[in-house]
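Student: Here it is, the structure in full.
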Amino acid sequence: MTLEYQPSRRGFLRQSGLLGLAVSAVTFLPRMAYASWNKAAFSAKTLADTYKAMGVGSPTASADIQINAADIAENGAVVPVEAISKIPNTTQISFLVEKNPAMLTAQFDIGPDTLPQISTRVKMGQTSNVIALVKADGKYYTASKEIKVTLGGCGG
């Protein structure tokens with residue numbers, strides 16, 4: 001007489017339920033933008049060096065990029081900024097702060113089914129222009145906004 005293992009109905013449902021839960025979690029995850037790392041660009045000290053490290057020739061100013069941020073930031077250590085790109089096929093959004101020691105503060109790769117809208121917080125040492133740099137179809141576009149800082153965040 002051989003004994004075969006036959007799981008109970010409860011055990012079978014528990015195992016299949018966990019598998020179903022895992023499959024549905026992966027299937028229904030929201031599409032996201034992911035921060036990317038370009039060491040040379042994040043270390044660059046000038047706008048020209050930053051653009052060169054990122055492979056940017058001469059970006060075009062675009063009215064299709066919207067920057068949302070307060071005109072005055074009370075604390076430069078935490079400045080909320082948002083960039084929205086209305087340019088089709090946007091694949092990357094970066095934030096640069098002109099007067100920071102390292103200008104590139106954040107860079108996000110955008111997936112094909114992702115809304116090109118990024119909200120983050122940047123650190124600013126002093127009043128400066130914040131630049132949103134958008135890559136779409138292999139070309140680069142910019143928009144900028146001056147944000148006044150009352151209390152510096154980069155060692156100020």
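The values are calculated or read from the model by the stated rules, or taken from the named source; none is laboratory data. Bear in mind that the values here come from a model prediction, so they are computed numbers and not experimental data. Ideal geometry is used to build each Cβ from the backbone, glycine not excepted, and the neighbour counts take in all protein chains shown. Note: accessible area is taken over every heavy atom of the protein model, side chains too, but ligands, DNA and RNA are not part of it. Shrake-Rupley method; radii C 1.70, N 1.55, O 1.52, S 1.80 Å.
Student: All other residues with a Cβ under 13 Å from the Cβ of A53 taken together, and with Lys, Arg as +1 and Asp, Glu as -1, what is their net charge? Write out the running numbers ahead of the final one.
Tutor: Numbers: positive: K39, K45, K52; negative: D49.
Computed value for this residue: +2.
Student: Right, something else. Got a sec? What order do E98, E82, E74 fall in by accessible area at 1.4 Å, biggest, i.e. largest, first?
Tutor: Values: E98 70, E82 35, E74 150 Å².
Heavy-atom accessible area, descending, gives E74, E98, E82.
Student: Name the aspartates and glutamates eligible as straight-distance cross-link partners of K99: C-alpha to C-alpha under 19 Å, and not fewer than 8 places from it in the same chain.
Tutor: Correct list for K99: D49, D71, E74, E82, E146.
Student: What nm value, rounded to one decimal, do you get for the distance between T120 and K39 when each label is placed 7 Å out toward the C-beta?
Tutor: Here the modelled spin labels are 1.9 nm apart.
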